[in-house]
């Protein structure tokens, strides 16, 4: 343990020790690292993920902190599974103090090449998944006049880069929902924190290859310009502990946010990244030729 680490944990545990914290997508990456932060603070953890083996490994690791760790294998796109898990948690514990909607998937493709099934999957996981959890636990929080909800959006909401349009659009929707919810739930004593991570070096980007040389290069160089999941987890933990309404995580997100206050700046970013990340236009079909749809 680092020098002074024990005192740090004690200071953190003063406010959060014994709190019941549920984290989705907790088997690895940001979710697991965030769970580690709350475990050090003495919180009782409820971890959910779709990967049973990874969830069991996470539980064993976190249980070494001497806190209660409860796990549930849940597909966040299934409202029935989320509501069943919520009933079990509420019946067992009587309430939930902190809900952290962390589970999410990525998508990298031009909008013209993004299929409707791909859109549905993004919406199901990145938007409806958090909504299912919020509405499953919100009534009990309102009844108790206490609780905190954390929704993890993305810094892509500010940049809206070519080839990331579908992902950004859904994360924008989650961010708007979360920020408005924060104001609406104040009257019940419930806090809502919206988190906008920048690029994070996790398995989240494993399937992203990029459509151009620049896009592929940016993925290879990801470890050199991205945040680590441990860094983001510490930031999320501090935001929860302080009751912060919006956590921007990285100064790069501030640049993206303020660029939209100066329309030409946002347009320049879009044009430059389009040339770097988007694939060139496909050759025009010869005159008189027919595509497959026309000949079917």
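List of remarks:
- Tally of residues being on the phi > 0 side of the Ramachandran plot and either surrounded by fewer than 22 Cβ atoms within 10 Å (Cβ to Cβ) or not in a loop (DSSP other than H, G, I, E, B) (or both) across the range 133-170: 2
- The set of residues in the range 139-164 being modelled with pLDDT of 95 or more and over 13 Å from residue 101 (Cα atoms) consists of 139, 140, 141, 142, 143, 144, 145, 146, 147.
- Residues satisfying the stated conditions in the range 80-115, i.e. in contact with a helix residue (DSSP H, G or I) (Cβ under 6 Å, 6 or more places away or on another chain), under 24 Å from residue 44 (Cα atoms) and not in a loop (DSSP other than H, G, I, E, B): 82, 83, 86, 90, 99, 101
- Residue selection: residue 37 fails the criterion of being under 21 Å from residue 228 (Cα atoms), modelled with pLDDT under 95 and touching a helix residue (DSSP H, G or I) at 6+ places or on another chain (Cβ under 9 Å).
- Helices (runs of 4 or more DSSP H) fully within the range 195-267 counting 2 or more residues that are in contact with a helix residue (DSSP H, G or I) (Cβ under 8 Å, 6 or more places away or on another chain) and either within 19 Å of residue 29 (Cα to Cα) or at pLDDT 70 or above (or both): 229-242, 251-259
- Counted residues, the range 45-56 - those being touching a residue at least 24 places away in the same chain (Cβ under 8 Å) and over 21 Å from the mean Cα position of the chain (by Cα): 0
The values are calculated or read from the model by the stated rules, or taken from the named source; none is laboratory data. Fair warning: this is a prediction, and the values are worked out from it, not measured in the lab. All Cβ positions, even for glycine, are placed from backbone atoms using ideal geometry, and neighbour counts span all protein chains on display.
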